[in-house]
1. Working only within segment 501-525, note down all residues that are in a helix (DSSP H, G or I), without any contact (Cβ under 8 Å) to a residue 12 or more places away in the chain and more than 44 Å from the chain's Cα centre (by Cα).
2. For the list (1) surrounded by 20 or more Cβ atoms within 10 Å (Cβ to Cβ); (2) of a type in the set (S, T, N, Q); (3) under 12 Å from the mean Cα position of the chain (by Cα), I need the number of the one condition that SER80 fails.
3. For residues that are within 30 Å of PRO116 (Cα to Cα) and open to solvent by 30 Å² or more (accessible area, probe 1.4 Å), tally how many sit in segment 178-197.
4. When the residues of segment 514-542 are filtered to those that are among the small types (Gly, Ala, Ser) and open to solvent by less than 50 Å² (accessible area, probe 1.4 Å), which remaining residue is nearest to LYS489 (Cα to Cα)?
5. Based on what the data block shows, is TYR294 out of contact with any helix residue (DSSP H, G or I) (no Cβ under 7 Å at 6 or more places or on another chain) and crowded, with 21+ Cβ neighbours inside 10 Å?
Amino acid sequence: MKKDKKIKKEEIKINNVGKIGVIGSDEVEKALELLKKYKEGKSVLESRIVENEQWFRMRHWDTLNGSKGTENASAWLFNSIANKHADAMDNFPQVTCLPREESDRASAEILSQILPVIFERNGFEKIYSDAWWYKLKAGTAVYGIFWNPLKSNGLGDIEIKQIDILNLFWEPGIKDIQKSKSIFHVELIDNETLVAMYPELSGKLGSSTVEIAKYVYDDNVDTKDKSAVIDRYYKKIVNGVEVVHYCKLCNGELLYASENDPEYSERGFYDHGKYPFVFDTLFVEEGTPCGFGYIDIMKDAQKQIDVLSNSLVKNAAMATTPRYFINSAGAVNEEEFADWSNSFVHVSGSNLGEDSIREIKISGIPEIYLGILNSKIDELKETSGNRDFSQGGVSSGVTAASAIAALQEAGGKLTRDMVKGGYRAFSEINCLAVELIRQFYDEPRFFRVVSPNGQQEFVSYDNSGIIARNQGTAFGVEMGMRQPIFDIKVSAQTATPFTKISQNELALQLYNAGFFNPEMRAQALSALSMMEFEGKSSIINKIAGNVL
């Protein structure tokens with residue numbers, strides 16, 4: 001494109017065949033229309049998320065038709081969600097980078113040490129906890145993995161956030177978020193803050209131009225002095241390669257566009273070519289990247305439990321509050337009769353019979369209805385996999401700690417499956433983090449890490465060891481560029497009580513069987529080759545090193 005200083009940026013169009021163009025006012029308008037279309041496509045999902053939040057807060061009577069919100073609510077649903085969250089946090093993940101080639105071993109080892117430090121600096125444990133609450137309630141948690149050039153005193157660093165799905169919009173009908181044509185992230189920011197960050201917005205801000213679904217807050221949340229800042233990520237084919245671009249909008253004004261930035265116009269904003277969002281889905285649904293959560297499968301049972309419980313409580317209150325029929329022609333002084341502190345009740349005339357006053361009898365609730373209530377409670381426990389032994393309580397005389405732990409492990413299939421889904425998302429988060437390190441860690445950074453011998457060390461790291469390198473020639477043939485690739489392995493950072501018990505018992509069994517006797521080294525190694533357990537390789541190395 002020939003440069004001409006008289007041509008305004010707003011008059012330059014994007015060439016739809018994928019060549020480099022400049023983002024202008026027409027493209028901003030089209031982006032806002034696309035956002036509106038995406039928002040309409042997820043209205044049902046937004047309503048469900050807002051409603052589930054009310055169920056989690058035990059305010060669900062406010063959402064049920066014909067209810068005045070005065071009924072009592074039990075916490076069986078909340079208890080199940082809280083236990084699932086505790087299971088997830090018991091299995092907080094840790095990452096290990098594995099090389100695919102021997103020459104990349106040193107880079108993999110240092111990445112395994114510095115990635116936990118980067119995550120810790122982002123407060124990832126709290127992010128992980130908040131994301132799991134969201135996942136259990138709404139069915140899907142979303143993580144954002146960005147590059148923030150303002151972090152580390154302007155040096156820039158990786159930023160990890162938990163994203164509210166109400167603020168995220170994508171193409172309706174797709175299941176893989178990476179296949180969406182665009183993704184919009186909308187955030188309400190105070191107008192004064194925006195003007196301080198972008199002086200060109202002065203006098204152009206008012207109330208938000210994009211309506212975002214809101215939760216039902218206890219506080220009075222005022223958004224009239226806030227404006228919607230829109231981050232748009234979209235993919236294009238440039239020179240035969242799919243790249244991801246980024247632009248920032250506010251009230252119809254373009255604040256930044258990577259296509260207008262010479263540094264990113266051809267390569268895209270992120271070299272990995274992916275949207276910086278990871279969806280962690282609980283129960284998968286077709287045709288959408290989001291799923292449904294435990295509240296969706298428990299709310300009906302919880303509603304029926306509350307209906308029955310309220311009826312039982314009302315019946316008990318009626319039965320314990322005596323009421324009477326009084327004949328209007330009777331001779332009983334009603335005020336004195338109603339005053340239980342008065343020892344005497346005056347009666348006119350000489351006849352006081354059953355026709356003058358009679359107690360209203362309230363029938364007790366048959367046992368069958370108590371059984372129905374208990375069966376609904378059991379139904380909720382079964383559907384959520386939150387049986388008594390998962391909380392440490394058992395029946396039928398089981399009291400031994402090892403037996404309780406064994407029951408918990410045997411009944412933890414749902415938990416293990418749920419946690420593995422979170423591990424898959426965590427692995428993808430780490431992959432994106434490695435790619436951001438590869439792209440942006442040009443300057444060395446220092447990290448405090450723990451060495452294999454348990455000592456704290458300070459290491460310097462940059463991306464020189466993992467960027468693409470020319471492999472030179474072999475047999476007169478140019479080998480091209482090679483980029484180190486790593487496999488991400490995720491495991492639980494803290495073992496569960498059952499795992500610790502079983503590992504300790506295994507160690508004692510191996511010792512009693514003579515596995516650590518140097519004279520039985522060959523037999524022990526043969527037996528171990530047929531066994532599978534965590535830490536097997538370290539045991540083999542110890543036994544192989546035993547000599548007389």
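The values are calculated or read from the model by the stated rules, or taken from the named source; none is laboratory data. Source: prediction; values computed, not measured. All Cβ positions, glycine included, derive from the backbone under ideal geometry; neighbour counts span all protein chains shown. Accessible surface areas use protein heavy atoms only, side chains included; no ligands, DNA or RNA. Shrake-Rupley method; radii C 1.70, N 1.55, O 1.52, S 1.80 Å.
1. Within segment 501-525, ASN512, MET520, ALA522, GLN523 qualify.
2. It fails just one condition, (3).
3. 3
4. Step by step, filter segment 514-542, then rank; the result is GLY535.
5. Values: out of contact with any helix residue (DSSP H, G or I) (no Cβ under 7 Å at 6 or more places or on another chain): no; crowded, with 21+ Cβ neighbours inside 10 Å: yes.
Answer is no for this residue.
To keep it simple, each residue is scored yes or no on (1) at pLDDT below 90; (2) in contact with a helix residue (DSSP H, G or I) (Cβ under 9 Å, 6 or more places away or on another chain); (3) outside any loop (DSSP other than H, G, I, E, B); (4) open to solvent by 40 Å² or more (accessible area, probe 1.4 Å).
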| position | (1), (2), (3), (4) |
| --- | --- |
| MET1 | yes, no, no, yes |
| VAL17 | yes, no, no, yes |
| ILE23 | yes, yes, no, no |
| ASN52 | no, yes, yes, no |
| ASN65 | yes, no, no, yes |
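A quick yes/no check of all residues on (1) of a type outside the set (Phe, Trp, Tyr); (2) touching a helix residue (DSSP H, G or I) at 6+ places or on another chain (Cβ under 7 Å); (3) surrounded by 15 or more Cβ atoms within 10 Å (Cβ to Cβ):
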| site | (1), (2), (3) |
| --- | --- |
| ARG57 | yes, no, yes |
| ASN72 | yes, yes, no |
| CYS97 | yes, yes, yes |
| ASP104 | yes, no, yes |
| PRO116 | yes, no, yes |
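Table: residues versus (1) touching a residue at least 60 places away in the same chain (Cβ under 8 Å); (2) closer than 28 Å to GLY287 by Cβ; (3) open to solvent by 40 Å² or more (accessible area, probe 1.4 Å).
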| site | (1), (2), (3) |
| --- | --- |
| ASP176 | yes, yes, yes |
| PRO199 | no, no, yes |
| ASN251 | no, no, no |
| SER265 | yes, no, no |
